[in-house]
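**Student:** Before anything else, here's the structure in question.
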Ligand code: ADP
Ligand code: MG
């Protein structure tokens, strides 16, 4: 309901911070907007003029919005077959979709295999139950409850990603199990940020940061200082802005999955939104896991994957991937870094 009301009020705040950078022609600008991927998007960039930056930010906004609508599992949009359409047609019929859905779902299969099933785009049946209990628990904290385990186990029988049939030739997706559904919450944001970064770069956005709810992708380096972008990693036990570390990014991404992002409280305990396929309950290995690598889609998928696996398994996976680093924050606050971090 809240989402519906919010959806009609499209808020777009542009903050133009035109502090001149001494001796440089380009200036730093910032834009911020809400309602895409249900989170806050921030763009920072160096541009020759305010008008040029506005054009770039508008393009990034509009393109992200297209991706959001395609990957949305909660809302329908006029004239668009999106993930909700695919879910609604589960067990009934293949759905003709945009190539951007096909490509993202092919990628989701790849990361399913890479993560040994720890990130599963076909996990919707289980995630929907947690989503509904969480929303209910946030709305009425006094009534907050945990989902019954029997219900979770029953739903987990309908999460077989091999039953997501992608027909590339005909551009269709068909879920053959009527009780299954897709949820790309762990992948789509990062994937979209990566694609949008490429489009923005092609359009002349050569120095900037795009952050969609903390999924950060940097483009080029900071034009004023000629140095990489510096991005903080939040202390999962602290407040926003309380960082445990900073990383330098140049044409790279930083994505974090953590217990603090989305959760509800039952009997004084925090139940967050990343569900371990082995227990069907929120994963209990870490407070957060951050991934640093070039591709923001991979970073997003890996951050959720590693969050759902023991340290040793995640470490082995990260060490097997070139130019990909991880930072694990344990529940007791201890921090570990991958070898080449
Ligand atoms: P965020 O979206 O908050 O940045 P993540 O990238 O870790 O965090 O994604 C969390 C979302 O991914 C959840 O809200 C849910 O939609 C989905 N999800 C949770 N557990 C899994 C899982 N095991 N496999 C696939 N998707 C998951
Ligand atoms: Mg993720």
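The values are calculated or read from the model by the stated rules, or taken from the named source; none is laboratory data. This one's a predicted model, so the numbers in the text were calculated from it and none came from an experiment. Every residue, glycine among them, receives a Cβ derived from its backbone with ideal geometry; neighbour counts consider all protein chains shown.
**Student:** Specify which of the listed residues (257, 253, 320, 294) is more than 10 Å from ligand 1 (Cβ to nearest atom) and in contact with a helix residue (DSSP H, G or I) (Cβ under 7 Å, 6 or more places away or on another chain).
**Tutor:** 253
**Student:** Residue under question is residue 132, and the condition is that it be closer than 30 Å to residue 265 by Cα and part of a loop (DSSP other than H, G, I, E, B); does it hold?
**Tutor:** No: the conditions fail for residue 132.
**Student:** While we're looking at this one, here's another question. Looking for whichever is more than 16 Å from ligand 1 (Cβ to nearest atom), within 15 Å of residue 248 (Cα to Cα) and surrounded by fewer than 18 Cβ atoms within 10 Å (Cβ to Cβ) here; the options are 232, 226. Which one fits?
**Tutor:** Within the list 232, 226, the selection yields 226.
**Student:** Residue 205 versus (1) within 30 Å of residue 285 (Cα to Cα); (2) part of a loop (DSSP other than H, G, I, E, B): which is the lone unmet condition?
**Tutor:** All conditions pass for residue 205, except number (1).
**Student:** Still on this structure: For the range 178-202, what are the residues that are outside any loop (DSSP other than H, G, I, E, B), in contact (Cβ under 8 Å) with a residue 40 or more places away in the chain, out of contact with any strand residue (DSSP E or B) (no Cβ under 7 Å at 6 or more places or on another chain) and farther than 17 Å from residue 102 by Cβ?
**Tutor:** Across the range 178-202, the qualifying residue is only 199.
Here is a yes/no grid of residues against (1) in contact with a helix residue (DSSP H, G or I) (Cβ under 7 Å, 6 or more places away or on another chain); (2) modelled with pLDDT of 95 or more:
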residue	(1), (2)
47	yes, no
89	no, yes
103	no, yes
124	yes, yes
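**Student:** Taking only pairs six or more apart or across chains, which ones have beta-carbon atoms under 6 Å, a first residue in the range 123-142 that is over 14 Å from residue 280 (Cβ atoms), and a second residue that is in a helix (DSSP H, G or I) and at pLDDT below 95?
**Tutor:** none
**Student:** Still on this structure, I have one more. Of the residues 63, 41, which single one is in contact with a strand residue (DSSP E or B) (Cβ under 7 Å, 6 or more places away or on another chain) and at pLDDT 95 or above?
**Tutor:** Result: 41 is the single residue among 63, 41 that is in contact with a strand residue (DSSP E or B) (Cβ under 7 Å, 6 or more places away or on another chain) and at pLDDT 95 or above.
**Student:** Residues in the range 188-211: is at least one outside the structural domain of residue 66 (by TED's automatic domain parsing) and on the phi > 0 side of the Ramachandran plot?
**Tutor:** No, because not a single residue in the range 188-211 is outside the structural domain of residue 66 (by TED's automatic domain parsing) and on the phi > 0 side of the Ramachandran plot.
**Student:** Kindly provide the set of residues from the range 209-239 that are farther than 22 Å from residue 63 by Cα and under 18 Å from the mean Cα position of the chain (by Cα), ordered by number.
**Tutor:** Of the residues in the range 209-239, the ones farther than 22 Å from residue 63 by Cα are 221-239.
Selection gives 231, 232, 233, 234, 236.
Every residue, every condition in (1) touching a residue at least 40 places away in the same chain (Cβ under 8 Å); (2) outside any helix (DSSP H, G or I); (3) in the same structural domain as residue 298 (by TED's automatic domain parsing); (4) farther than 21 Å from residue 171 by Cα, yes or no:
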site: 46; (1), (2), (3), (4): yes, yes, no, yes
site: 54; (1), (2), (3), (4): yes, no, no, yes
site: 60; (1), (2), (3), (4): yes, no, no, yes
site: 64; (1), (2), (3), (4): yes, no, no, yes
site: 67; (1), (2), (3), (4): yes, no, no, no
site: 87; (1), (2), (3), (4): yes, no, no, no
site: 93; (1), (2), (3), (4): yes, yes, no, no
site: 103; (1), (2), (3), (4): no, no, no, no
site: 106; (1), (2), (3), (4): yes, no, no, no
